[in-house]
Amino acid sequence: FILLICKLLHLPLHLLYLNDMAKRDITQKGYEKKRGKLLAPYIPQIQGVDPSLQIDNRIQASSQAVLPGSKHNKSRAANTRDERFRSDLHTEAVQAALAKYKERKMPMPSKRRSVLVQSSVEACTPPDTSSASEDEGSLRRQGRLATSTPYQGHSHPAVEHWFNRVIQGSSTSSSASSTSSHPGGRIVTNTSAHAALNANAAATALADLMAHTQLDNHSAPPDVTGLSERSSVHAERSQVASVRGVSRNYNHQTSVMETADGVPVNSRVSNKIQQLLNTLKRPKRPPLREFFVDDFEELLDVQQPDPNQPKPEGQQMSPLEGESLGVVTNWPPSLPAALQRWGTTQPKSPCLTALDNAGKPVYTLTYGKLWTRSQKLAYTLLNKLSSRNEPLLMPGDRVALVFPNNDPVMFMVAFYGCLLAELVPVPIEVPLTRKDAGSQQIGFLLGSCGVTLALTTDACQKGLPKAQTGEVATFKGWPRLLWFVTDGKHVVKPPKDWHPPVREASNDIAYIEYKTSKEGSTMGITVSHSAMLAHCHSLTQACGYTEAETITNVLDFKREAGLWHGVLTSVMNRMHVISIPYSLMKVNPLSWIQKVHTYKARVAVVKSRDMHWSLLAQRDQRDISLGSLRMLVVADGANPWSISSCDAFLNVFQARGLRPEVICPCASSSEAMTVAIRRPPEMGVPPPGKAVLSMGGLSHGVIRVDTEEKLSVLTVQDVGQAMPGAMVCVVRVEGTPYLCQTDEVGEICVSSGSTGVAYYGLPGMTKNVFETVPVTSSGIPISDRPFTRTSLLGFVGPDSLVFIVGKMDGLMVVSGRRHNADDVVATALAVEPMKFVYRGRIAVFSVSVLHDERIVVVAEQRPDASEEDSFQWMSRVLQAIDSIHQVGVYCLALVPANTLPKAPLGGIHISETKQRFLEGALHPCNVLMCPHTCVTNLPKPRQKQPEVGPASMIVGNLVAGKRIAQACGRDVGQLEDNDQARKVDRRRLSFLYIQDVLQWRAQATPDHPLFLVLNAKGTVASTASCLQLHKRAERVAAALMGRLNTGDHVALVYPPGIDLIATFYGCLYAGCVPVTVRPPHPQNLATTLPTVKMIVEVSKSVCILTTQAIMKLLKSKEAAAAVDVKSWPMVLDTDDLPRKKSPQMYKPPTPEMLAYLDFSVSTTGILAGVKMSHAATSALCRSIKLQCELYPSRQIAICLDPYCGLGFALWCLCSVYAGHQSILVPPLELESNASLWLAAVSQYKVRVTFCSYSVMEMCTKGLGSQTEALRLRNVNLSCVRTCMVVAEERPRIALTQSFSKIFKDLGLSPRAVSTTFGCRVNVAICLQGTAGPDPTTVYVDMRALRHDRVRLVERGSPHSLPLMESGKILPGVKVIIANTETKGPLGDSHLGEVWVSSPHNATGYYTVYGEEALHADHFNTKLSFGDTQTVWARTGYLGFLRRTELTDASGERHDALYVVGSLDETLELRGMRYHPIDIETSVIRSHKSIAECAVFTWTNLLVVVVELEGSEQEALDLVALVTNVVLEEHYLIVGVVVVVDPGVIPINSRGEKQRMHLRDGFLADQLDPIYVAYNM
């Protein structure tokens, strides 16, 4: 039976062993544990339960397994955890905190498989099974192979696990066939995924499969205007447009899950969003008082403190004085003097022993050698280096010291050589590559210090990156340096009579130590000779150093404690230093302890990580003794987390002779040098102290010993007493440096003769830091001496002991509360210490977003971590940090192992990591953003005010002196009286019908050329004169008259050309109603043919006219796969019509009769056909003729699609009406020859030309770099008076401006480019024309627009948005701005809906497909008050009118119309109205790899889709940047970020984004995204 169940559930047979085991002798607890382990990977599959719900028992089980097991670990690899933060107590606290949470289900991000493949596999270290007990490790491997059959061939067994989990993450195949209708294609991936499902996918996989099978039976939503071809190489992007919904014939399955709009959706995407919504519905913490008061001004409020927060209650602290500096007889007057003394009196005395990587002593430098070698170097530097016969260096010059960490001897010689030569050494790290983290800042420091010479060793110089010349390469941001090798053969022995000047210590600069600030900038801290001497003196006294002691130094000898103890104070006291290089510590972490034992060292200087490392390896050594140590200086004792390393170290090594009291933590900073140090036991000091502090209290800056809440505590140890001769006080962190109260945390300040003096070359910052004057609460300075800020946060405890709780560098102030980065790191590491984070490498920092700090956690994940593991770890870290620190994490990012920038000695380079995060160069492999929980300071959602009544509105406008926003074009009647071609025109105007005009022209000017079509080569493909066009139209009419009745609708399916125009007039001659339809694309029938079918059906066409080629295509096999080819109406090909004259022309009884139908798809995906009467058609042509001054002698060039709107009118109607010649350039030809249109404009010296935004974009992108080549081909655009972009949207200023700029070189006048505006109800409302003032641009406040208000601001002011006038209002057109809700007129500069009244308005919708609710009121609406007689049409666009200072041709002041955007497209969020284009512009600006962006909302979530132009590794970088920029600039939280390939966002023929089509594709899971991130 069990066998059967195992087989059915795909469980490996080793589970049978469980049953057997139960019968044997095993304790109940052991059995439960074993059972839990074996079943863990399968339980969720059996019960369909989410594994995260069961993780708690598993964690406890595994942690029990891990702790005892880890004792036997031999390898270094077990150290997956950063030693700085190890605390078992804290780990328990974190686990307890997590246990309190009921795990909640979060949507996992979807990821394309290829993204995973790219993650750093080259950096993979072998999977670390040693962190679990052996049998668990082997079991895990077995399970892994069992689940990964689909990828058995893969070379890296640990990675398979990681792939398989992901496959279900994006079930679409990675090929571009996301719209294909082969149900089989998709299920294959799903079945392979099904085999690989572990964890919670079992339940959803089946649902997924079902959803896919059903969805794929539908065809994709039909594409209406798109000539789309994914495979086209030249296409800038696929032009796809679509109709919302799926046409009725296909919509027969009812079982598909539907969204509100009736769009079938894939269950998976919406499940995730549903999960996200559920997570967001959780009650959040009570929000902080909102920042913004007025909904319009959005003033930032000062954060109101919580009245219940703890406040300091102690008295004001009094400054703490260290013991006085003792007077030492015979103390050398300076450090060089000490060197001279020991070098001459004790030349054989050992000074420094260097070790190699095997731990063997390589060389011991004696004091005599140090003295003579330093003298040689000093002499050489001063006398043997010259440029142009001038000595290269003068005393006081700065010199860079570039020495590797394993060569202390050469460094020491160079350092003292510089001191003897009175040069200023600037020790820096060895630059390993040209892109080292922080290397540029070091270069800046060297440049500002005026360094021209770098000293280094021969070996190091050989290893530096070289330029082609063989010289050392110049590093990014570095000054030009001369590299000088200090090895013996390059230095010269000074003559007998030369002696270095050994002077008393002065206030001149002795050396400069570099320091990197929190922001990543590098400063040089200058230390004077006297401060250096005083510091050696106070260290000697505090540590009780005596002559000839032996000291082991593990620290970097170039800076801070390593330099102070191991290079300076040691020489002062003639001590012997054993220097342990970092490279040796990596190989053998015990080396320093062995050296203490071997050399019987009295003192060791280490960091807590060195103690932790040695714990991991100490079992290898039995016979070592630390009994000789009288002082173990813990240099990073100021890190509160060092205490656990100290305790653990003591526990283990007390048995080896280590006395507890010799552990001496110290606190120091580069600016103040040593601040405090615990004295060695022989000094008779009070016993060390420990404090258990509440983190909650600390976050408010107060000290509270924690009592009830045991989880969030920080245990700190003291760092001893203040240094001899120093005065220490604690001051407030922000603002005036007031003294703190005794129970308040502040910044430690020190006043003594042994601190740094200044930041080199930065007087302002120096004053702030090195010359602080602490004051009492009444404002009186506490001392006449200046204090130095140490950047350490702490307090003074009992017995005058100094306690440090954090550093200013790690301080993050979130909503007024302070958190320390190190504390957050410790919490994150405690979540699952042994499992997940690679070598404990975690960086925590804060970034400023929307006026507050936000916490970012970046961790390196182990190479063998699966998607599920990472996501689970991330959600648990969020909960732990929330529990313990009561703060939300804004962003949690995981990067592949070994990819975070490293600091010189191991750790993570935090500022560089932060920089990469903000620049989008971190390349994470997993990201979780939580803006919904963190961002609590958004402005209040806008409450709509009760509307003002109509009367008060008018009165209000009058009182404010505002006129009603109303404007009109010139009067058509007047214009015609003063028309020059009056007679001809009257003759033409007597024709009410355009077909009559063509007949008249065929008689009056038969050979006058009307049309000329160009092909891709730029040669003339076809032409038509008046007579030719008339004759061709007659043939078509003759063919139709026998077959059709008058009034029948005929679909014209032609490529752009003369055929289309001729058949259009043929239909009019025959009394039929033409409908122009874009032909299907032969390479993309699946998406384009259903659109053709739909227009034919919806327009009720009884016949299709087309070419032979297209006719074949419509009836082909391929077509049959996309549509029902048997249901086409009659199809006629017009290629070879007989030369027959139609018996007689049809005369419509009235001009109000229907002339043609104009079908187009709106950007919201609605297919709408409008009716154009004969009267409207003639009026439209007349308006355009007058505005553009078109006559038969004119030529105009048109690069537009001829199927709908103004493009159709210009292509088919205007030439016939006005008689000018039209040069027709089909936009599709530009894909193979981008310069076609501009070359034609130049060749025919065209004054007026029309194009679309997509054409303009093609020219800007395709020809941007080729203007020189075009000039050589004599392309000259100076003839162009006006170039108009035909559009139904807000003018795209950025595009028109860059077009003007690029082609200015070819003579294009910057004034020439303008835009037109039309819409469904009226295809031409505005059009610049040839006369009248230039289009104006205004800047409006984007925040005001959200509230439907217009506020004009200056260019460049914050939140300003440029809006360009949409061209001049056409003759005979009247425009008014109306309130969208009350339908009343609005005042000047108010935002409202644009209403239009004109003789060429369309007469109504023929049919609206997709939304029958758009009715007649679009075409005949009246105002609710004011002029209630005029009939208006509603355009559906928001805009405003503004009276300008310019004058029209008529001498009137010019009224400019500004279109802001389509009402249908706007997003209603937080009570405000957003225009998608504004959010998209911000997003595109946020990262260089974002090619295009589109936004839409779904269930109140803002979804941002970005196209990634770059490597897929960058995909996850975009998530945080997109979220940040939308928060900063629009005060909106992004719900979902979808990263897709270029060309996925559908664009229609006018170059407009089809956002609704994209939304439907997203919900139906057809986008094949690279990554989908659900923001929490």
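The values are calculated or read from the model by the stated rules, or taken from the named source; none is laboratory data. Note that this is a predicted model, so its numbers are computed, not measured. Note: ideal-geometry Cβ built from the backbone for every residue, glycine included; neighbour counts use all protein chains shown. To get the accessible areas, we keep the full protein, side chains included, count just its heavy atoms, and leave off ligands, DNA and RNA. Shrake-Rupley method; radii C 1.70, N 1.55, O 1.52, S 1.80 Å.
Some points to look at:
- Only beta bridges with both residues in segment 817-921 are counted; by DSSP, about 60 percent of them are antiparallel.
- Net charge, Gln1221 excluded, C-beta distance under 13 Å - Lys, Arg +1, Asp, Glu -1: +3
- The simple Förster model, with R0 at 41 Å and r as the Cβ-Cβ distance, assigns Met1153 and Lys1017 a FRET efficiency of 0.45.
- In this structure, the residue pairs whose Cα-Cα separation is over 22 Å, taken from Lys384/Lys476; Lys518/Lys940; Lys515/Lys607; Lys1017/Lys1245; Lys311/Lys518; Lys515/Lys586, are Lys384/Lys476; Lys518/Lys940; Lys311/Lys518; Lys515/Lys586.
- Charge tally in the Cβ shell below 14 Å around Ser670, where Lys, Arg are +1 and Asp, Glu are -1, Ser670 excluded: 0
- Residue-wise HN-Hα couplings along segment 1107-1114, as the Karplus relation 6.51 cos²θ - 1.76 cosθ + 1.60 with θ = phi - 60° gives them from phi, are 8, 4, 4, 6, 4, 4, 4, 5 Hz; Gly and Pro carry x.
- Averaged over its residues, segment 351-457 has an accessible area of 37 Å² per residue, based on protein heavy atoms and a 1.4 Å probe.
- Surface analysis of segment 586-691 yields an accessible area of 33 Å² per residue, using protein heavy atoms and a 1.4 Å probe.
- Alpha-carbon spread of segment 1387-1482, three principal axes, descending order, Å: 46, 39, 25
- Solvent exposure of segment 1266-1379 amounts to 35 Å² per residue of accessible area, where only protein heavy atoms count and the probe is 1.4 Å.
- For segment 1145-1244, carbon and sulfur atoms together expose 54% of the accessible surface, with a 1.4 angstrom probe and every protein chain in place.
- For the peptides 907-916, 1178-1187, residues were scored by their other Cβ atoms within 10 Å and the scores averaged per peptide; the highest-first order is 1178-1187, 907-916.
- Segment 310-452 - percent relative contact order, Cα under 8 Å, separation 6 or more: 19 percent
- With a Förster radius of 45 Å applied to the beta-carbon distance between Met1130 and Arg1351, the computed FRET efficiency rounds to 0.15.
- Per-residue ³J(HN,Hα) for segment 567-577, Karplus 6.51 cos²θ - 1.76 cosθ + 1.60, θ = phi - 60°, Hz, x for Gly and Pro: 10, 9, 4, 4, 6, 4, 10, 6, 8, 10, 9
- Near the amide H of Thr550, within less than 5 Å, lie the amide hydrogens of His576, Arg602, Val603, all on another chain or at least 5 residues away, with H placed in the peptide plane.
- Along segment 588-601 the Karplus relation, 6.51 cos²θ - 1.76 cosθ + 1.60 evaluated at θ = phi - 60°, assigns HN-Hα couplings of 9, x, 8, 3, 5, 5, 4, 5, 4, 5, 5, 8, 6, 5 Hz to successive residues, with x for each Gly and Pro.
- In this structure the amide hydrogen of Asp1348, modeled in the peptide plane, comes within under 5 Å of the amide hydrogens of Arg1473, none closer than 5 places in sequence on its chain.
- Highest average packing first - 650-657, 1233-1240, Cβ atoms within 10 Å: 1233-1240, 650-657
- Centre-to-centre, using Cα atoms only, segment 679-729 and segment 587-633 are separated by 26 Å.
- Computed over protein heavy atoms with a 1.4 Å probe, the carbon and sulfur contribution to the accessible area of segment 1349-1438 reaches 50%.
- Whether segment 1059-1182 is rounded, prolate or oblate, judged on the alpha carbon gyration tensor where a/c under 1.5 counts as rounded: oblate
- Taking Lys515, Lys1115 and ordering them by how much accessible surface each has at a 1.4 Å probe, largest first, produces Lys1115, Lys515.
- A simple spin-label model places pseudo-atoms 7 Å from Cα toward Cβ; at Gln309 and Gln346 they are separated by 5.5 nm.
- The packing ranking of peptides 605-612, 1023-1030, highest mean first, is 605-612, 1023-1030, where packing means the average number of other beta carbon atoms within 10 angstrom of each residue.
- Chymotrypsin sites (Phe, Trp or Tyr not before Pro) restricted to segment 473-535 and DSSP loop, no more than 14 other C-beta within 10 Å: Trp498
- Given a 1.4 Å probe and the protein chains as shown, Thr742 ends up with an accessible area of around 70 Å².
- The portion of the accessible surface of segment 1444-1537 made up by carbon and sulfur, rounded to a whole percent, is 45 (1.4 Å probe; DNA, RNA and ligands excluded).
- Built amide H within the under 5 Å cut-off of Trp1498, gap 5+: Val1503
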